[in-house]
Amino acid sequence: MNSLQRQVVFKDPIYGYIHVNYEFIKKLIDTPLFQRLRRIRQLSGVVMVFHGAEHSRFSHSLGAYELANRFLEIIDVKNTFTFRESLLFITSALLHDIGHGAYSHAFEDVFGVNHEHIGAEIIVSNKEIVDILDTIDEDFASDIKSIILKTHKFPIIEQFISSQLDVDRMDYLERDAYFTGTAYGHIDIDRIIRVLFIKESKVVFKSNGIHAIENYLISRYHMYWQVYYHPVARAYEAVLEKIYLRVKDLIALNFHFDCDIDALKKIIINPNDICAYTEIDDYYINGLIRYFIKSDDYYLKTLSLDFLNRNIWKRIDNVEENKEKINEILNTLDDEEKRYFTCTRTVSQGTYRDEGEKLGENIYILLEDGTISTIRKESKIIESLMYSGVKSDPKFFYRKKNET
């Protein structure tokens, strides 16, 4: 394993510095597929509400990697992991989002792809990445894939990468709070790290750190409702989804596009076409939409103008008392207008859930007597919020008729 002669650092607003000690990590960061993450916004349409939210999947991936490095300084973690497992941990943290598509989740919803599955396949199929990982050993890439897909081969690493309290969530909450300028997502990362232990193949937290975990869970809840699920961001992303839908429909009609949409065509035919998938990023989609505003197709042109010019659609709570009003709106529209200028979306989020005994579904608390409990049992705040803090928000979004 080759260490760099001189440590490479990235200046970061959250952690001060992000440290790279190994040559293979630097090479992974320098690959075109990892650099592609610079061209995918972390928060998609949220930037239409919080104008500072211009940060990328690239910066978040580096942040998760840095947190993994800091976790490795914990004595229990250091004593639990072999050297190879520690490399698996930091590499999985670095590459966990490498499969994200343009504008993040909006692309996945319309085209039926899953960024984790795509990312796992990229890790074992892209020659440049495989060649770098093979310098560790020939099984290293496939083991990273197993961690991303949560196959339970490396249960402790999986808990650190994807669970109720992991390096992914800890970084994006703190980073997103910083770049949106909101106070909701700030968490006591240092305290959480100090109370973290490994026991019985579980990631556990000492009971004297419960207050930090309560703060983390409540902060996460507020970030979802105040930032991630902001109705303006959802309305803006609805327009993007409708652009994708119109493109799909026009392709089926053999419509002539005046721009190169081959990558989108290939994804529609085969959602697992990795070469086509990785050609698509925010820049690619934005470039297409710039062409679409001159399209001969009314719906594609109108939707694209809405997207570029931040024409935010109207919204109504999709609840029983508004059914009559929603039906009145729908009755003014023809079938195509309903298809492309309206949508219903429901989001739901609770403070915390523990759906069973599956790995990562519980946050475990280490009691003074050495036994293991759960945050639900040890925190009256979280237990009460599990029932009272569950919230859904059904919305009907629509483009006002004759709006220009």
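The values are calculated or read from the model by the stated rules, or taken from the named source; none is laboratory data. Note that the structure is predicted; figures quoted are calculated from it, not measured. FYI the Cβ positions are ideal-geometry reconstructions off the backbone, even for glycines, and counts take in every protein chain you see.
Can you spot a residue in the range 301-310 that is touching a strand residue (DSSP E or B) at 6+ places or on another chain (Cβ under 6 Å) and not in a helix (DSSP H, G or I)?
The answer is no, given that none of the residues of the range 301-310 is touching a strand residue (DSSP E or B) at 6+ places or on another chain (Cβ under 6 Å) and not in a helix (DSSP H, G or I).
Can you find a residue in the range 91-106 that is within 21 Å of Q159 (Cβ to Cβ) and out of contact with any helix residue (DSSP H, G or I) (no Cβ under 8 Å at 6 or more places or on another chain)?
Within the range 91-106, not a single residue is within 21 Å of Q159 (Cβ to Cβ) and out of contact with any helix residue (DSSP H, G or I) (no Cβ under 8 Å at 6 or more places or on another chain).
Here is a check on your reading of the model: is K150 surrounded by 18 or more Cβ atoms within 10 Å (Cβ to Cβ) and either closer than 30 Å to Y284 by Cβ or of a type in the set (D, E, K, R) (or both)?
Yes, satisfied.
Whether any residue in the range 19-36 is under 25 Å from N286 (Cβ atoms) and among the basic types (K, R) is what I want to check.
The first filter runs over the range 19-36 and keeps only residues under 25 Å from N286 (Cβ atoms), leaving 29-36.
Now narrow it down to the ones that are among the basic types (K, R): 36.
Among the residues of the range 19-36, at least one is under 25 Å from N286 (Cβ atoms) and among the basic types (K, R), which makes the answer yes.
Name the residue, out of F140, F160, that is in contact with a strand residue (DSSP E or B) (Cβ under 7 Å, 6 or more places away or on another chain), buried (at least 18 other Cβ atoms within 10 Å of the Cβ) and modelled with pLDDT of 95 or more.
Unique residue meeting the criteria: F160.
Can you tell me which residue is farthest from E54 (Cα to Cα) among those in the range 177-188 that are among the β-branched types (V, I, T) and modelled with pLDDT under 95?
Applying the filter and picking the extreme gives I187.
What is the number of the single condition among (1) farther than 20 Å from Y340 by Cβ; (2) buried (at least 19 other Cβ atoms within 10 Å of the Cβ); (3) not aromatic (F, W, Y) that D262 does not meet?
(2) is the only condition that D262 fails.
Here's the yes/no breakdown for (1) aromatic (F, W, Y); (2) more than 30 Å from N254 (Cβ to Cβ); (3) assigned by TED's automatic domain parsing to the domain that holds I210; (4) surrounded by 15 or more Cβ atoms within 10 Å (Cβ to Cβ):
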site: D297; (1), (2), (3), (4): no, no, no, yes
site: E324; (1), (2), (3), (4): no, yes, no, no
site: Y340; (1), (2), (3), (4): yes, no, no, yes
site: C343; (1), (2), (3), (4): no, no, no, yes
site: L385; (1), (2), (3), (4): no, yes, no, yes
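Is there a residue in the range 295-307 that is closer than 23 Å to A233 by Cβ and over 29 Å from the mean Cα position of the chain (by Cα)?
Going residue by residue through the range 295-307, those that are closer than 23 Å to A233 by Cβ are 299-300, 302-307.
Remaining after also requiring over 29 Å from the mean Cα position of the chain (by Cα): 299.
Yes, that holds for at least one residue.
Within the range 5-14, is there a residue that is under 22 Å from F89 (Cα atoms), in a loop (DSSP other than H, G, I, E, B) and more than 20 Å from the chain's Cα centre (by Cα)?
No: the range 5-14 contains no residue that is under 22 Å from F89 (Cα atoms), in a loop (DSSP other than H, G, I, E, B) and more than 20 Å from the chain's Cα centre (by Cα).
Every residue, every condition in (1) out of contact with any helix residue (DSSP H, G or I) (no Cβ under 7 Å at 6 or more places or on another chain); (2) in a helix (DSSP H, G or I); (3) within 25 Å of N309 (Cα to Cα), yes or no:
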{"residue": "K248", "(1), (2), (3)": "no, yes, yes"}
{"residue": "K266", "(1), (2), (3)": "no, yes, no"}
{"residue": "P271", "(1), (2), (3)": "no, no, no"}
{"residue": "C275", "(1), (2), (3)": "yes, yes, no"}
{"residue": "G287", "(1), (2), (3)": "yes, yes, yes"}
{"residue": "Y291", "(1), (2), (3)": "yes, yes, yes"}
{"residue": "S295", "(1), (2), (3)": "no, no, yes"}
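Just checking, how many residues over the range 195-227 are surrounded by fewer than 18 Cβ atoms within 10 Å (Cβ to Cβ), free of Cβ contacts under 8 Å to residues at least 40 places away in the same chain and closer than 22 Å to I75 by Cβ?
Residues that pass the stated criteria total 1.
State which residue is surrounded by the most Cβ atoms within 10 Å (Cβ to Cβ) when the search covers only the range 3-20 and only residues that are touching a residue at least 24 places away in the same chain (Cβ under 8 Å) and within 18 Å of S86 (Cβ to Cβ).
I18
Just for the range 29-56: of the residues that are in contact with a Phe, Trp or Tyr (Cβ under 6 Å, 6 or more places away or on another chain) and either in a strand (DSSP E or B) or hydrophobic (A, V, I, L, M, F, W, C) (or both), which one is nearest to F307 (Cα to Cα)? Working first, answer last.
Pass one, the range 29-56, residues in contact with a Phe, Trp or Tyr (Cβ under 6 Å, 6 or more places away or on another chain): 37-39, 44-45, 48, 52-53, 55.
Filter again for either in a strand (DSSP E or B) or hydrophobic (A, V, I, L, M, F, W, C) (or both), leaving 37, 48, 53.
Working: L37: 22, M48: 10, A53: 17 Å.
Looking at the filtered set, the residue picked out is M48.
More than 28 Å from I243 (Cβ to Cβ) and at pLDDT 95 or above: is that true of I122 in this structure? Before the answer, list the steps.
Working: more than 28 Å from I243 (Cβ to Cβ): no; at pLDDT 95 or above: yes.
In short, no.
Of the residues that sit in the range 33-56 and are without any contact (Cβ under 8 Å) to a residue 24 or more places away in the chain and farther than 15 Å from T182 by Cβ, which one is nearest to the chain's Cα centre (by Cα)?
S56
Considering only the range 343-352, I want to know if a residue exists there that is touching a helix residue (DSSP H, G or I) at 6+ places or on another chain (Cβ under 6 Å), touching a residue at least 40 places away in the same chain (Cβ under 8 Å), among the small types (G, A, S) and not in a loop (DSSP other than H, G, I, E, B).
No: zero hits.
Please pick out the residue among L250, L288, L245 that is among the hydrophobic types (A, V, I, L, M, F, W, C), buried (at least 16 other Cβ atoms within 10 Å of the Cβ), in contact with a Cys (Cβ under 7 Å, 6 or more places away or on another chain) and more than 16 Å from G99 (Cα to Cα).
Working: L250 fails: in contact with a Cys (Cβ under 7 Å, 6 or more places away or on another chain); L245 fails: in contact with a Cys (Cβ under 7 Å, 6 or more places away or on another chain).
Selected residue: L288, the only one of L250, L288, L245 that is among the hydrophobic types (A, V, I, L, M, F, W, C), buried (at least 16 other Cβ atoms within 10 Å of the Cβ), in contact with a Cys (Cβ under 7 Å, 6 or more places away or on another chain) and more than 16 Å from G99 (Cα to Cα).
Among the residues of the range 308-322, count how many are touching an Asp or Glu at 6+ places or on another chain (Cβ under 8 Å) and of a type in the set (S, T, N, Q).
Qualifying residue count for the region: 1.
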